[in-house]
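K.L.:
After the structure tokens below, expect a handful of questions from me.
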Amino acid sequence: MAQKDPALLSDASLVEEDRHVNRSDVVQWLTSNIQRPGRRVEPYVGPRTTAYLGDLVPRGIAPDLAGGWRVALGICWRRWLKECVAHCADPDLLVEVLDVSAKSMVQYALDSISALREARLVAATGNADAEAIALIQLIASGAPVAEDVAEVRLRYRMARWHVGLVLWVDSPRQVDALDEAIAAVRSAAAGRSALVARACATSRWIWLSGADTPDLQPVEGVMARADEVRAAAGRPGRGLEGFRSSHQDALAAQALVIRLGSDRRFTAYADVELIDALTKDRASARRFVINTLGPLAEADTVLRQTLLTYVQCGFNTTRAAANLYAHRNTVERRVSRANRLSVVKVEDNPTHVAAALLVLDIAPDIVATSPN
């Protein structure tokens, strides 16, 4: 409904909610036509759709419902036409099916637009965090917001060190686990101020602040024990600008994890900034890994991890062996074997090799996945 809006594209959880709403519309129409072919399909606006519409309001996102449905109809009709032609050999029956389904699709779109407009008006009053999210959106976009005004309205001190976090789950059914993880993060960051905002049905934005740079290790420990919940963290920053930049980093790290289909529990943007730049789309990331590593991309994980650790340790075999809890000779053998398998040799371009290995570390199945 709103996938081209920059305010939505910057939040990977909200993009996923948008996709879920679109999928649910298709499922509703297909299911209804299977059960009652040709009958008028009742639009389904469930709790998740209502929550999503409410989450758009404080972001200043006004979805183009009619335009979105116009595009969706074109895509769905083309797919439906292909399926019908492939499975219906009787020309007369095919014409009848297409005639009935075309009318049904158009009517369903008109009814859905009307239902969604009504639901949006109702949902606009249901988000208790709407004012905070709206102000955070202004700060994140670089709008001139006075530090004292932000402190009063958010009830959170700005003249300190901040680290921005995004915690999210895949489904609203997991929100209890999300709430438990947030409580654990706040407890682990004892002595620091915390600001928590409901970003959407499946994600929360968090800031931790203090007089010195917040330590992310306790947060990482919490996430290692949290079932179903994942977290992304920005680089620490000071003042209003640090509040903004750390939040943007966390959103970028979250988008990277979702884009690559990674199941990482905790991701710090400082660790994946280069990978983010290299993997703006999954197909390009896959090509980069294959072209750089060749057979090594599908070799033993131990070989790849050893080579990556060796590079990260400045080509120091002794340090790498200590980090891997392995004998120095073992590390040397693994590095030598890994380097033989790799298309790009580590001594020729260590940056590319390390980057490709990091992509695999984040998304181990990216090579096995079809580029489509």
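K.L.:
For a quick size check, give me the Cα extents of the stretch 323-372 along its three principal axes, largest first, whole Å.
P.N.:
So the three principal-axis extents are 41, 25, 17 Å.
K.L.:
Return the Rg/Rh ratio of the chain with Cα-based radii and a Kirkwood Rh.
P.N.:
On the way: Rg = 24.6 Å, Rh = 23.4 Å.
Radius of gyration relative to Kirkwood radius: 1.05.
K.L.:
Specify the longest stretch of the chain that does not include any exposed loop site, a site being one of the trypsin sites (Lys or Arg not before Pro) with a non-H, G, I, E, B DSSP assignment and at most 13 other Cβ atoms within 10 Å.
P.N.:
Within the chain, the longest run free of exposed trypsin sites (Lys or Arg not before Pro) spans 156-279.
K.L.:
Ignoring solvent entirely, what values of log10 I(q)/I(0) come out of the Debye formula for the stretch 177-222 at 0.19, 0.23 Å⁻¹ when each Cα is a single scatterer?
P.N.:
-0.58, -0.83
K.L.:
Among 260, 351, 134, flag the residue with its Cα farthest along the positive direction of the charge dipole of the chain, charges on Cβ as +1 for Lys/Arg and -1 for Asp/Glu.
P.N.:
Final value for the positive-end residue is 351.
K.L.:
Only Cα pairs under 8 Å and at least 6 apart count here; give the relative contact order of the chain as a rounded whole percent.
P.N.:
Details: 515 pairs, mean separation 50.8, N = 372.
Once normalised by length, the contact order is 14 percent.
K.L.:
Separate question: So what is the relative contact order for the stretch 88-247, in percent, with contacts set as C-alpha pairs under 8 Å and at least six apart? Before the final figure, lay out each step's value.
P.N.:
Working: 206 pairs, mean separation 43.8, N = 160.
That works out to 27 percent.
K.L.:
If you project the alpha carbons of the stretch 219-372 onto their three principal axes, what span does each projection cover, largest first, in Å?
P.N.:
48, 39, 31
K.L.:
Further, regarding this structure: Restricting everything to alpha-carbon atoms, can you work out Rg to Rh for the stretch 1-114 with a Kirkwood hydrodynamic radius? List each step's numbers first, then the result.
P.N.:
On the way: Rg = 15.8 Å, Rh = 15.3 Å.
Over the Cα atoms of the stretch 1-114, Rg/Rh equals 1.03.
K.L.:
Under a straight-distance cross-link criterion of Cα-Cα below 12 Å, which aspartates and glutamates are reachable from residue 280, leaving out those fewer than 8 residues away in the same chain?
P.N.:
Correct list for residue 280: empty, as no aspartates and glutamates qualify.
K.L.:
How big is the Rg/Rh ratio for the stretch 6-72, C-alpha atoms only, Rh by Kirkwood, two decimals?
P.N.:
Working: Rg = 13.5 Å, Rh = 13.2 Å.
Radius of gyration over Kirkwood radius for the stretch 6-72 works out to 1.02.
K.L.:
Percent of Cα-Cα pairs more than 17 Å apart in the stretch 153-198, please. Please list the in-between numbers first.
P.N.:
Details: 419 of 1035 pairs.
Counting every Cα pair in the stretch 153-198, those more than 17 Å apart make up 40 percent.
K.L.:
To check you understand DSSP bridge types, tell me what percent of the beta bridges within the stretch 195-313 (both residues inside) are antiparallel, rounded to 5.
P.N.:
Values: 5 of 8 bridges.
Percent antiparallel among DSSP bridges in the stretch 195-313 is about 60.
K.L.:
While we're on this one: Which one of 102, 45, 318 has its Cα pushed farthest toward the positive end of the charge dipole of the chain, where Lys and Arg give +1 and Asp and Glu give -1 at the Cβ?
P.N.:
About the Cα centre, the residue reaching furthest to the positive side is 318.
K.L.:
Report, in degrees rounded to the nearest 10, the 0 to 90 angle that the Cα long axis of helix 175-188 makes with the longest principal axis of the chain.
P.N.:
30 degrees
K.L.:
What does the convex hull of the alpha-carbon atoms of the stretch 175-305 project to on average, in nm²?
P.N.:
Numbers: hull surface 36.5 nm².
Projected over every direction and averaged, the Cα hull of the stretch 175-305 covers 9.1 nm².
K.L.:
If you don't mind, another one. Based on the alpha-carbon gyration tensor of the stretch 305-351 and its eigenvalue square roots a ≥ b ≥ c, which shape applies: rounded if a/c is under 1.5, prolate if not and a/b is larger than b/c, or oblate? Don't skip to the answer; put the middle values down first.
P.N.:
Numbers: a/c = 2.46, a/b = 1.52, b/c = 1.62.
Oblate, because a/c is 1.5 or more while a/b does not exceed b/c.
K.L.:
Sticking with this structure for a sec: With a probe of 1.4 Å, find how much accessible area the chain has per residue, and write the answer as a whole number in Å².
P.N.:
Numbers: 18740 Å² over 372 residues.
Result: 50 Å² per residue.
K.L.:
Counting only protein heavy atoms and using a 1.4 Å probe, what share of the accessible area of the chain belongs to carbon plus sulfur, as a whole percent? Let's see the in-between values first.
P.N.:
Values: 9910 of 18740 Å².
About 53 percent, which is the carbon plus sulfur part of the accessible surface.
K.L.:
Moving to a separate point now. Please determine, in degrees from 0 to 90 and to the nearest 10, the orientation of helix 65-87 with respect to the longest principal axis defined by the Cα atoms of the chain, where the helix direction is its Cα long axis.
P.N.:
The answer is roughly 80 degrees.
K.L.:
Using only the alpha-carbon atoms of the stretch 96-215, report the extent along each of the three principal axes, biggest first, to the nearest angstrom.
P.N.:
If we take the Cα atoms of the stretch 96-215, the spans are 71, 34, 22 Å.
K.L.:
For every other residue with a beta carbon closer than 10 angstrom to the beta carbon of residue 246, add +1 if it is Lys or Arg and -1 if Asp or Glu, then tell me the sum.
P.N.:
Details: positive: 235, 238, 244; negative: 241, 249.
It works out to a net charge of +1.
K.L.:
Indicate, rounded to the nearest 5 percent, the antiparallel portion of the DSSP beta bridges found entirely in the chain. Provide the component values of the computation, followed by the final result.
P.N.:
Details: 21 of 24 bridges.
Bridges in the chain are about 90 percent antiparallel.
K.L.:
Taking the 0 to 90 degree range and rounding to the nearest ten, how far is the long axis of helix 130-140 tilted relative to the main principal axis of the chain, both from C-alpha atoms?
P.N.:
Helix 130-140 sits at roughly 50 degrees to that axis.
The values are calculated or read from the model by the stated rules, or taken from the named source; none is laboratory data. Note that the structure is predicted; figures quoted are calculated from it, not measured. Cβ atoms come from the backbone with ideal geometry, glycine included; neighbour counts cover every protein chain shown. Surface accessibility is based on the protein's heavy atoms, side chains included, excluding ligands, DNA and RNA. Shrake-Rupley method; radii C 1.70, N 1.55, O 1.52, S 1.80 Å.
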